[in-house]
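Below: one structure, written as structure tokens.
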Amino acid sequence: MNASSGLIHVWQQGDGVTRFVALLLLAMSLASWVVMLLKARDVWDLRRQAQRVESFWESADLQAGLQSLGDAQDNGAFRQLAEQAQQALAHVNRREGTPHLHDSLDLSDWMTRALQNALDHTAAQLQSGLILLASVGSTAPFVGLFGTVWGIYHALMGIGQAGQATIDQVAGPIGEALVMTALGLAVAIPAVLGYNALVRANKTIMVQLKRFAHDLHALQVTGARMPVR
């Protein structure tokens, strides 16, 4: 019996619990793949944006540098950092007196606060969806194991009612029940691998963003970029 016919037979012979477990594993698999594809696209976009950073520093002025980081509609993380720095500088330059407590901050503190808020926002966006992958990777094998246990119980109950226990009658249903464990692993393994890959990619991107933020801070406060090492 091939795999497809085995799965079809498990679905046809299974009861409501078995079918629910199969549908749950299918939903977990689809959700994890959707998250992985969407997050992989975001990582790819951010890596492309990171390649434009040097073009930003080589631009004639700040407006040209912003354009080199992409259009405003792209909503890129690197452009957002540069815009936050520009807005923070404009806020400090136009404020009059100290009508609010936060207006008493000097340029360096205000710039740090603005850039850190932008970094936190980007970090939250990068981490969104990863909890789903972690949950699928940790629970899918147990969901599949539950389906196997229930399938074996269901098969043994059927054999007991029939009053016969030949090897063919035992091996067939139990073998089909073990398919649920294999399905659980098939759902969990890609989710775990995708989670680990995305975590590594996110860490690399955050390092690049923080380095860019430090350079922006130095530019707006001292008028010069940090020396490139």
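Each value in this text was obtained by applying a stated rule to the coordinates, not by laboratory testing. Just so it is clear, the model here is predicted, and its values are computed rather than measured. Backbone-built Cβ (ideal geometry, glycine too); neighbour counts: all protein chains shown.
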statement: For the pair residue 196 and residue 124, the simple spin-label estimate (label points 7 Å beyond Cα toward Cβ) gives in nm 3.0 nm
- request: Please work out how much length the chain gains when fully extended from residue 182 to residue 222, using 0.36 nm per residue of separation minus the C-alpha to C-alpha distance, in nm with one decimal.
  value: 8.4 nm
